[in-house]
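Worksheet for the structure shown next.
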């Protein structure tokens, strides 16, 4: 039977690093460039900025969700590992 070895400290450190990076994502693109301008390029630029904001916010939410799910699974794995170890003694 194969064994799964998890270095919990390394995993938790990695998750903390990812969380910190997700919190630092900045989605402050201006979507009001050339408000009184009639050039199509300005409209397209504003649309792209709005899409970039949405994409960044979605990515941040996804990262946060994945970190929380991974932390939950690591906690469950750690509890199972402890239970198995104590039942073997």
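Which value results when the Cα radius of gyration for the chain is divided by 2.2 N^0.38 Å? Could you put the intermediate results ahead of the total?
Details: Rg = 22.0 Å, N = 89, 2.2 N^0.38 = 12.1 Å.
Expressed relative to 2.2 N^0.38 Å, the Cα Rg reads 1.82.
Using Cα pairs under 8 angstrom and six or more residues apart, how large is the relative contact order of the chain, in percent? Could the numbers behind the result be given before it?
Values: 39 pairs, mean separation 29.8, N = 89.
Contact order relative to length: 33 percent.
Please work out how much length the chain gains when fully extended from residue 25 to residue 8, using 0.36 nm per residue of separation minus the C-alpha to C-alpha distance, in nm with one decimal. Numbers along the way, then the final one.
On the way: separation 17, 0.36 × 17 = 6.12 nm, distance 2.60 nm.
Gain on stretching residue 25 to residue 8: 3.5 nm.
Give the angle, between 0 and 90 degrees and rounded to the nearest 10, that separates the Cα long axis of helix 8-24 from the longest principal axis of the Cα atoms of the chain.
For helix 8-24, the angle is close to 10 degrees.
Angle between the Cα long axis of helix 40-88 and the longest principal axis of the chain, 0 to 90 degrees, nearest 10?
10
Using helices alone, what [θ] at 222 nm do you get for the chain, with -39,500 (n - 2.57) per DSSP H run of 4 or more residues, divided over all residues and rounded to the nearest 500?
-27000 deg cm²/dmol, from helical runs alone.
Every number here is computed from the coordinates shown, using simple stated rules; none is lab data. The structure presented is a predicted model; accordingly, all values stated were derived computationally and were not measured.
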